[in-house]
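Comments concern the structure below.
Computed from the coordinates by the stated procedures, all read-outs in this text should not be read as laboratory data. The structure displayed is predicted, hence computed values, not measured ones. Every residue, glycine among them, receives a Cβ derived from its backbone with ideal geometry; neighbour counts consider all protein chains shown.
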Amino acid sequence: MGAALRWSRQLKEIVMSDTTQADRDVVDVLTEDHNDMLRLLRQIEGTPDAEKRRDLADTLIAEVMRHSVAEEMIVYPTIEEHVPNGKDEVEHDKKEHDELVDLMKRMEDVEASDPVFMELVGQLEKLLDHHASDEEDDQFPKLRTHVPRDALIKMGKKVENAKKIAPTRPHPNAPHSELFHKSVGPGVGMVDRLRDKLTGRDG
């Protein structure tokens, strides 16, 4: 990431830190997600310890999945309805989400000590940075132009709630919104390492 873009993101973080929880709209929530994910990537790149890299990567994958599912379920339908050429933009965004999921799935199958792992991390950073820039520079301003402020605040709360129960593992063979619904029912067939860690379970 270039120095100018890094400085721009740091400035956004400072501005957002002055925004009260009550005033946060969906753009604030999603932009904060982008900053958190890119910060995790920098931490992965900065640690020589393979075990720590894997833990950070697990956290990153969970955050990207929650973010992507919440966007597709709550934000994208609003973009399709209210933003000019919204359907085309959403289709483009979903393709980028699919690329992220495929890449994260590959990361899960590689040992963190393998040099290939860090190559995949670099590819993921490029994809995430591109996706975040597209949304923050183009889509989010359009959302704020075409959707009332109170509606955006409500959307932000819905996104936060959706992220709490969204799947946290990459499943490249199914739409993310479909995965969301399946994740609360039987037969999903996946082990959520992070949630198990948080609840003290092994698996």
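Mind ranking 51-61, 88-98 by how tightly packed they are, going by the mean number of other C-beta atoms within 10 angstrom, highest first?
51-61, 88-98
Can you give the FRET efficiency to the nearest 0.05 for Glu108 and Asp150, using r as the Cβ-Cβ distance and R₀ = 30 Å?
According to the calculation, E is roughly 0.15.
Residue-wise, which Karplus ³J(HN,Hα) couplings in Hz belong to region 48-60, taking 6.51 cos²θ - 1.76 cosθ + 1.60, θ = phi - 60°, and x for glycine or proline?
Computed from phi, the couplings for region 48-60 are x, 7, 5, 5, 5, 4, 5, 4, 5, 5, 4, 4, 4 Hz.
Return the distance in nm (one decimal) between the two label points of a simple spin-label model at Val116 and Ile165, each offset 7 Å from Cα along Cα→Cβ.
Those two pseudo-labels are separated by 3.8 nm.
Under a point-charge model restricted to the Cβ atoms of Lys and Arg (+1) and Asp and Glu (-1), what is the dipole moment magnitude of region 23-165 relative to its Cα centre, in debye to the nearest 20?
It works out to roughly 520 debye.
State log₁₀ I(q)/I(0) for region 23-165 at q = 0.17, 0.19 Å⁻¹ as given by the Debye formula over alpha-carbon point scatterers of equal weight, solvent excluded.
These q points yield log10 I(q)/I(0) values of -0.91, -1.08.
What is the packing order of peptides 111-119, 76-84, taking the mean over residues of other C-beta atoms within 10 Å and listing the highest first?
The peptides rank, most packed first, as 76-84, 111-119.
Starting from 0.36 nm per residue, how many nanometres of slack lie between Asp98 and Asn85 once their C-alpha separation is accounted for?
Extending this stretch completely gives an extra 2.6 nm.
Over 23 Å between C-alpha atoms is what I'm after, so list which of Lys95/Lys154; Lys52/Lys157; Lys52/Lys126; Lys94/Lys158 land there.
Violating the 23 Å limit, Cα to Cα: Lys95/Lys154; Lys52/Lys157.
Spelling out what I want: for every residue of region 140-146, take phi, set θ = phi - 60°, compute 6.51 cos²θ - 1.76 cosθ + 1.60 (Karplus), and round to whole Hz; glycine and proline get x.
4, x, 5, 4, 5, 6, 9
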